[in-house]
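Below: one structure, written as structure tokens.
None of the figures in this text is laboratory data; all of them are computed from the coordinates on show. Just so you know, these numbers come straight off a predicted model, no measurement behind them. All Cβ positions, glycine included, derive from the backbone under ideal geometry; neighbour counts span all protein chains shown.
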């Protein structure tokens with residue numbers, strides 16, 4: 001579905017990376033490995049068409065990504081390194097807002113189960129600003145379930161998580177793959193998640 | 001239909017956000033009234049003088065206090081990544097800036113609009129001028145919102161000197177001030193002046209999605 | 001004409017042009033100042049103060065011209081992706097600001113004996129003051145952004161939006177009935193100025209243009225060198 005061909009990106013006066021090739025088909029997990037500052041986030045941004053690549057091209061469903069942009073956006077969930085939950089509101093409000101905004105057909109029981117597995121069900125009426133960093137990070141993953149899209153693009157999803165949560169993520173990834181979904185995520189190390197392709201930046 | 005729903009819930013989200021921080025909006029209004037007090041203290045409580053320059057003071061202070069909250073226009077959504085999420089849900093950057101402009105108008109400028117009658121009492125402005133004031137401010141504040149959108153999107157990546165954003169808004173709002181104070185002081189030419197204001201609004205409204213959209217995209221690219 | 005958009009071609013051309021330009025501008029300044037101080041007549045109304053015109057008018061023209069060229073280069077840079085436009089904008093904005101400042105100061109020196117005040121709130125004067133503030137904002141923006149890519153594009157957008165001020169400056173004397181006199185020299189009609197005053201004015205204008213271009217060449221060259229590694 002998603003094919004990245006000979007992608008190179010230059011910012012200001014330095015080359016960030018060169019000749020990246022990547023192809024993502026249903027059921028695939030791709031990991032981007034690299035040190036800090038090796039351009040993992042930059043590559044993800046280029047895939048999301050936020051950055052103009054210096055050379056090379058990206059294709060989505062056989063067409064150039066630029067020509068097919070909003071169809072691509074309809075199939076993609078992006079989780080960045082920032083916490084996108086609104087800090088002034090409670091978890092419940094956040095969930096309501098996202099649920100309506102994404103027009104997801106997920107029901108309350110499913111959200112409750114998800115919250116319970118993430119161990120966030122006790123904080124439902126707490127403001128997001130009072131949660132710890134790891135907990136806001138976990139709350140972020142609720143969006144994956146709510147948006148219910150095919151392609152997940154995750155920037156450093158495993159940092160700041162404890163052992164249990166990493167195990168949970170592993171399970172979620174496998175579930176998603178078995179449902180013909182595909183995942184690209186960046187990480188500086190792989191804690192034993194099964195991946196079909198590994199790209200070293 | 002999906003798209004319309006998304007727009008509705010975009011505003012629902014803005015409403016929730018602004019209501020949770022309603023003290024910010026109220027602080028703007030308090031700033032507005034305090035500066036009216038200070039103005040009156042500094043020129044003396046002479047009724048004649050105040051009613052002579054009242055309209056000018058009112059407009060100046062409205063402009064100044066509405067530029068106070070400019071920093072929040074895009075900054076929060078930009079920093080926590082919501083801008084990107086909204087964009088990925090099918091809104092182009094230009095469209096986001098239009099939606100945000102209306103949201104700024106609703107949640108920042110309309111409270112000022114509602115507090116104008118009280119300010120009129122304080123500044124001794126005649127009742128029959130209230131209609132002209134309302135008409136000019138409702139158009140003028142939309143222009144200010146558009147300008148605010150442009151300048152705050154320009155200064156998203158400018159961490160050092162945000163005051164520049166307010167300066168940009170103020171320098172481009174000079175014609176707005178000229179024509180809207182002109183409306184109130186020269187009631188016989190109301191129609192022509194309000195048409196000029198309307199024309200300015202349309203121009204700014206056309207520039208806004210292009211300029212702010214480009215700046216938002218630039219900042220997201222390079223953040 | 002490629003040297004107007006290509007940095008390396010511009011460098012070659014600048015090496016040829018800089019010295020002749022500098023010499024020419026010095027000669028023109030000498031002749032122009034000689035003309036404007038000794039060889040031109042006094043005005044029958046304004047007396048000797050009319051000589052301020054030979055600094056005031058060229059600097060005002062050049063302030064507008066600089067901004068107009070910056071606008072053109074912003075369009076080129078944004079629409080046709082010519083990075084030389086960004087270089088030009090960064091380099092030339094202070095020159096425009098200085099011309100505007102010269103225009104304002106000399107105008108106010110002229111205004112004191114003629115109108116009786118240093119400053120009046122007249123449409124022409126206000127719009128030129130706004131032009132000066134716009135130049136200042138451009139300079140400050142150039143200084144206060146950390147990321148260069150964002151900075152140069154945002155400044156170009158700002159220049160484009162700020163260009164609405166140009167026609168206001170130009171036509172303010174025609175649109176509003178103001179204290180400032182309307183333009184004496186225009187293309188469409190015969191100039192309402194005596195040839196004996198016209199000569200020094202034109203010589204001074206060319207001298208100002210030459211010195212402006214010479215300084216601009218210097219500044220653009222430094223700007224090109226400062227980002228050389230990016231371009232090559």
| remark: Against the 2.2 N^0.38 Å rule of thumb, the C-alpha Rg of the protein assembly as shown sits at a ratio of 1.15
| query | To the nearest 0.05, what FRET efficiency results for residue C:46 and residue C:79 with a Förster distance of 45 Å applied to their C-beta separation? | reply | 0.45
| If one computes P(r) from the Cα atoms of segment C:1-115, what percent of pairs lie at distances over 26 Å? | 37 percent
| remark: On the formula 1/(1 + (r/R0)^6), with r taken between the Cβ atoms of residue B:92 and residue B:1 and R0 of 25 Å, the FRET efficiency rounded to 0.05 is 0.85
| task | Report, in deg cm²/dmol and to the nearest 500, the calculated mean residue ellipticity at 222 nm for chain C, where each DSSP H run with n ≥ 4 adds -39500 (n - 2.57) and the sum is divided by the residue count. | result | -26000 deg cm²/dmol
| query | If you rank A:82, B:101 by fewest surrounding Cβ atoms within 10 Å, what's the result? | reply | A:82, B:101
| note | Helix B:93-104: inclination vs chain B longest Cα principal axis, degrees, rounded to 10, gives 40 degrees
| request: Specify the residue with the greatest mean-square fluctuation among A:164, A:93, A:81, computed from a Gaussian network of chain A linking alpha-carbon atoms under 10 Å apart. | output: A:164
| query | Rounded to the nearest 0.05, what FRET efficiency is calculated for residue A:170 and residue A:64 with R0 set to 25 Å and r the Cβ-Cβ distance? | reply | 0.15
| said: Quick check: the angle from helix A:163-178's long axis to the longest principal axis of chain A, C-alpha only, nearest 10 degrees? | reply: 60 degrees
| Taking only Cα atoms, what is the 0 to 90° angle, nearest 10, from helix A:108-117's long axis to the longest principal axis of chain A? | 80 degrees
| said: Under 13 Å from a point placed 7 Å out from the Cα of residue A:194 along the Cα-to-Cβ direction: which residues of segment A:155-180 have their backbone N that close? | reply: A:170-180
| field | Computed [θ] at 222 nm, helices only, for chain A once each DSSP H run of length n ≥ 4 contributes -39500 (n - 2.57) | value | -9500 deg cm²/dmol
| request: Could you work out which residue, out of B:136, B:42, B:51, moves most in a Gaussian network model of chain B, that is, has the largest mean-square fluctuation with Cα springs under 10 Å? | output: B:42
| query | How large are Rg and Dmax for segment B:2-222 when only the alpha carbon atoms are used, in Å? | reply | 18.1, 58
| message | Testing the spin-label approximation: label points 7 Å from Cα along Cα→Cβ at residue B:31 and residue C:109. State their distance in nm. | response | 4.1 nm
| Fewest first, what order do C:64, C:39 take by the number of other Cβ atoms within 10 Å? | C:39, C:64
| field | Proxy reagent accessibility, fewest Cβ within 10 Å first, across C:17, B:52 | value | B:52, C:17
| So which residue, out of A:40, A:127, A:138, gets the largest mean-square fluctuation from a GNM of chain A using Cα contacts under 10 Å as springs? | A:127
| note | Mean per-residue count of partner chain Cβ within 10 Å for C:135-147 equals 4
| request: Partner chain Cβ atoms within 10 Å, averaged over the residues of B:77-86 - can you pull that number for me? | output: 5
